[in-house]
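A quick write-up on the structure given underneath.
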Amino acid sequence: MLLKRIRLVPLTPAGSNQYDEECGDKGESERGRNFSPLPPILHSPFHNQHFLPPSLPPPTEFLMTDTRIEHDTMGEMEVPASALYGASTARAVENFPIAREPVPASVIHAFGHLKDACAQANEKLGKLDPRRAAAIRNASQQVADGQHDGQFPVDIYQTGSGTSTNMNANEVIANLANVALGYAVGATSQKQSQEGTVHPNDHVNMGQSSNDTFPTAMHIAGALALSEKLIPALTKLAAALEGKSKAWDGLVKIGRTHLMDATPIRVGQVFSGYAAQAKYASTRAGRALAHLLENMPIGGTAVGTGINTHPQFAENVCGVLSTKLGIEFQEAGNHQEAQAAKDSFVAAHGNLKTIAVSMSKIANDIRHLGSGPRCGLFELMLPAIQPGSSIMPGKINPVICESVMQVACRVIGNDSVVTAAGLGGIGSLFELNIAMPVMIDAFLESVKLLANVADLFVDKLLDGLEVNESRCHELLDQSLMTVTSLAPILGYEKSAAVAKEALRENKTIRQLCLEQKILPVEALDRALDPMQMTEPKA
């Protein structure tokens, strides 16, 4: 049933373009979602006038939009005529105009993969007829491919089980399937639904609950993001750092501990440490992936008991997903744990936090070693990629390192979100975690930021990074801590006295030793050879 409904919408000549810019047809949202051309007000999570951004002008004109009336267990609901979703989604859109950002697209795509696998499993187990199964599978694949991202407007900050997003997927897939079977959009939402249609609950959601599908979609989306984005980016980072380590292994610089001069170290050794951190980071990303692959909640349905599903359903779904996506998913060993808690995600994101900490160490060291160019350390020369100041001409800043540091701040903050969302009494309550949407949003943001900034760190910084050899030699020669190599010969106390006198008289260790003839020249040369100080010796 189509209606012409008049809604109060600010569309003054001055305000119309402003509305489009702030909340309407952007083509692609900040989260990378390609929205379909629905009427901007009805399609938006804040189409109710009460929730319009306060910066918009008061309504002075009316916009007429097409709607249809759908029916669910709560009664009638008005839905945009061009929407593929139904009454449950429309209710959620009106109920949760909070972040005004939809659930990440990768979660929606994961739902597409999941619903496809569920339809295959139900057909194989004799629960779903081949005709409906084929239609659901085709529709689900369209969702997985991102063809209908704009039909998923439900806010991140919705019901903590993700029920609204699961129903959004069920409704969109059911309508796509029904259209393919020759029925109209909304065919199953009428009081007298037509026989042979695909129902969002009875067929698309067969053997499932939001309580096991949303967390399963979380596992799929998180696993794909880790395997396809973060692990390759960290592998690339490790390789780039390893390359620098080998290229610069013949160059010696002064080491530093407590921000103070220490004994010499090869530049290659420094970068070998960074490369090892990046390799461990890749390993930790793999551990995070393992946490998500081994504990799939699907099959637990409402409270982990598997009510209304086939005993072999979960095993079949995981098998289909593993074959389709090329990574091995395993049914949860205990469905009560998998749904009541989200320890797998807390542990997985703990690895992401450690990766962020590792990357912050690498970036911070490099920006300090590149400080200068006249009044800093300047042992490294960072590539100049943009002017550093709007007032100081010629200034260049370590902007890529600063970007890494900011990503680390965000990931550490996201770890607090994931941890809090998993806490007993906040997210994890009795038989269900009820803070899952915010948990997966934070998790996926961390993966995206770490992967992107790791790629950027290689492309925009490491590839153009150079060693300032003359500065390394200058600082090495001036360091008092080269006296450490004399301690086995002169003893600790006499060596300390030499260092203090050199500092007091503003001389190098070599100068003072030669003047005072502390050692023969050849013995002194051997003892103060910087390269010899960078390896153990008997």
Q: Could you please give the count of residues in region 202-260 that are in a loop (DSSP other than H, G, I, E, B), touching a helix residue (DSSP H, G or I) at 6+ places or on another chain (Cβ under 6 Å) and farther than 30 Å from residue 72 by Cβ?
A: 3
Q.
Being among the charged types (D, E, K, R) and either crowded, with 24+ Cβ neighbours inside 10 Å or part of a loop (DSSP other than H, G, I, E, B) (or both) is the filter here; which residues of region 94-113 pass it?
A. 100, 101
Q | Tally, over region 507-538, of residues that are of a type in the set (A, V, I, L, M) and assigned to a helix (DSSP H, G or I) | A | 9
Q: Test residue 274 against the criterion of being surrounded by fewer than 18 Cβ atoms within 10 Å (Cβ to Cβ) and touching a residue at least 60 places away in the same chain (Cβ under 8 Å), and give yes or no.
A: no
**Q.** Single residue of region 435-467 satisfying the filter (in contact with a helix residue (DSSP H, G or I) (Cβ under 9 Å, 6 or more places away or on another chain) and not in a helix (DSSP H, G or I)) that is nearest to residue 367 (Cα to Cα)
**A.** 465
Q. Filtering region 402-426 down to residues that are of a type in the set (A, V, I, L, M, F, W, C) and surrounded by fewer than 21 Cβ atoms within 10 Å (Cβ to Cβ), which residue is nearest to residue 156 (Cα to Cα)?
A. 417
(Q) For the structure I just gave you, tell me whether residue 328 is in a loop (DSSP other than H, G, I, E, B), within 20 Å of residue 119 (Cα to Cα) and either within 27 Å of the chain's Cα centre (by Cα) or modelled with pLDDT of 95 or more (or both). (A) yes
(Q) Given the criterion closer than 29 Å to residue 235 by Cα, in contact (Cβ under 8 Å) with a residue 24 or more places away in the chain and not acidic (Asp, Glu), identify the matching residue among 317, 399, 404. (A) 404
Q. Quick one: is residue 342 over 30 Å from residue 267 (Cβ atoms) and among the basic types (Lys, Arg)?
A. yes
Q) Is there any pair linking a residue in region 472-498 that is part of a helix (DSSP H, G or I) to one that is modelled with pLDDT of 95 or more and among the basic types (Lys, Arg), with Cβ under 6 Å and at least six apart or on different chains, and which? A) 472/253
(Q) Checking the conditions here, which among 283, 263, 309, 301 is among the hydroxyl-bearing types (Ser, Thr, Tyr), over 24 Å from residue 355 (Cα atoms) and surrounded by fewer than 21 Cβ atoms within 10 Å (Cβ to Cβ)? (A) 263
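The values are calculated or read from the model by the stated rules, or taken from the named source; none is laboratory data. Keep in mind it's a predicted model, so treat the numbers as computed, not measured. Note that each Cβ is placed from the backbone with ideal geometry, even for glycine, and that neighbours are counted across all protein chains shown.
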